[in-house]
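A.B. asks: Below is a structure I'd like to ask you about.
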């Protein structure tokens, strides 16, 4: 997480954006930006598109930090965590671990990931919304997607495609069990 915070800080400084302006763009307090940049706080997923727009970069650049022209190949044995994110406001713990499948791809429109999803107790449903679309294909386990007023449960082999502007939250369905999904997201630049 410390590296992710450093990346946010580097991109903010490169874009010549003050902590105060970044906080205003994300709807946070300046002290929260400082905690994110120091790696002490895990940012909410929905803040990524706000940071990206504020810094003039794509969401994927926030997650993997550099870009490459041409095709990008990710080998299974070299798959490493890109970021840990949460859906809680001012979160101090993550429940989603992202592994980029297009790390460094320049000018991409889709963001493909393998995501390990941990369990969130039902009373901790933290709905978020942001521009774009999301596609999940369950590779292992079972997930619950709280989407607007509906709840969808997906098992291994199931998939869902939805508009992320509708408030939503994703969790492993079973306490103590993680799920693994192939996720492809799109956020307009």
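The values are calculated or read from the model by the stated rules, or taken from the named source; none is laboratory data. Only a predicted model underlies this, so the values are computations on that prediction, with no experimental measurement involved. Positions of Cβ are backbone-derived with ideal geometry, glycine not excepted, and every protein chain shown enters the neighbour counts.
A.B. asks: Looking at segment 163-179, which of its residues are free of Cβ contacts under 8 Å to residues at least 40 places away in the same chain and part of a strand (DSSP E or B)?
C.D. replies: If the condition is that a residue be free of Cβ contacts under 8 Å to residues at least 40 places away in the same chain and part of a strand (DSSP E or B), then 163 is the only one that fits.
A.B. asks: Let me ask something additional. Report every pair of residues separated by at least 6 positions or lying on different chains whose Cβ atoms are under 7 Å apart, first residue within segment 1-16 and under 20 Å from residue 98 (Cβ atoms), second modelled with pLDDT of 85 or more and surrounded by fewer than 18 Cβ atoms within 10 Å (Cβ to Cβ).
C.D. replies: Note: pairs meeting the criteria are 5/38.
A.B. asks: Would you confirm whether any residue within segment 74-94 is at positive phi and modelled with pLDDT of 75 or more?
C.D. replies: Looking only at segment 74-94, we keep the residues that are at positive phi, and these are 90.
Add one more test, that the residue is modelled with pLDDT of 75 or more, and what stays is none.
Checking segment 74-94: not a single residue is at positive phi and modelled with pLDDT of 75 or more.
A.B. asks: In segment 180-189, what residues are in contact with a strand residue (DSSP E or B) (Cβ under 8 Å, 6 or more places away or on another chain) and not in a strand (DSSP E or B)? Before the answer, list the steps.
C.D. replies: To start, the set of residues in segment 180-189 that are in contact with a strand residue (DSSP E or B) (Cβ under 8 Å, 6 or more places away or on another chain) comprises 180-187.
Across segment 180-189, the qualifying residue is only 187.
A.B. asks: A further question on this structure: May I ask you to list the residues in segment 118-128 that are modelled with pLDDT of 80 or more and either part of a strand (DSSP E or B) or farther than 19 Å from residue 179 by Cα (or both)?
C.D. replies: Kept after step one, since they are modelled with pLDDT of 80 or more, are these residues of segment 118-128: 118-120.
Listed by number, the list holds a single entry, 119.
A.B. asks: Could you tell me which of the residues 113, 147 is more than 16 Å from the chain's Cα centre (by Cα), surrounded by 15 or more Cβ atoms within 10 Å (Cβ to Cβ) and either over 29 Å from residue 31 (Cα atoms) or at pLDDT 90 or above (or both)?
C.D. replies: On the way: 113 fails: more than 16 Å from the chain's Cα centre (by Cα).
Result: 147 is the single residue among 113, 147 that is more than 16 Å from the chain's Cα centre (by Cα), surrounded by 15 or more Cβ atoms within 10 Å (Cβ to Cβ) and either over 29 Å from residue 31 (Cα atoms) or at pLDDT 90 or above (or both).
A.B. asks: Quick one: residue 3 ticks every box in (1) part of a loop (DSSP other than H, G, I, E, B); (2) at pLDDT below 80; (3) over 20 Å from residue 183 (Cα atoms) except a single one, so which number is it?
C.D. replies: (1)
A.B. asks: Which residues, taken from segment 44-58, are buried (at least 21 other Cβ atoms within 10 Å of the Cβ) and under 21 Å from residue 127 (Cα atoms)?
C.D. replies: Result: 44, 45, 46, 47, 48, 49, 51.
A.B. asks: Can I ask one more? Applying the selection to segment 6-53, what residues are outside any helix (DSSP H, G or I) and within 18 Å of the chain's Cα centre (by Cα)?
C.D. replies: Just the residues of segment 6-53 that are outside any helix (DSSP H, G or I), to begin with: 15-18, 27-29, 39-44.
Result: 27, 28, 39, 40, 41, 42, 43, 44.
Matching residues to (1) free of Cβ contacts under 8 Å to residues at least 24 places away in the same chain; (2) in contact with a strand residue (DSSP E or B) (Cβ under 6 Å, 6 or more places away or on another chain); (3) not in a strand (DSSP E or B):
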| site | (1), (2), (3) |
| --- | --- |
| 116 | no, yes, no |
| 139 | no, yes, no |
| 144 | no, yes, no |
| 152 | yes, yes, no |
| 157 | yes, no, yes |
| 161 | no, yes, no |
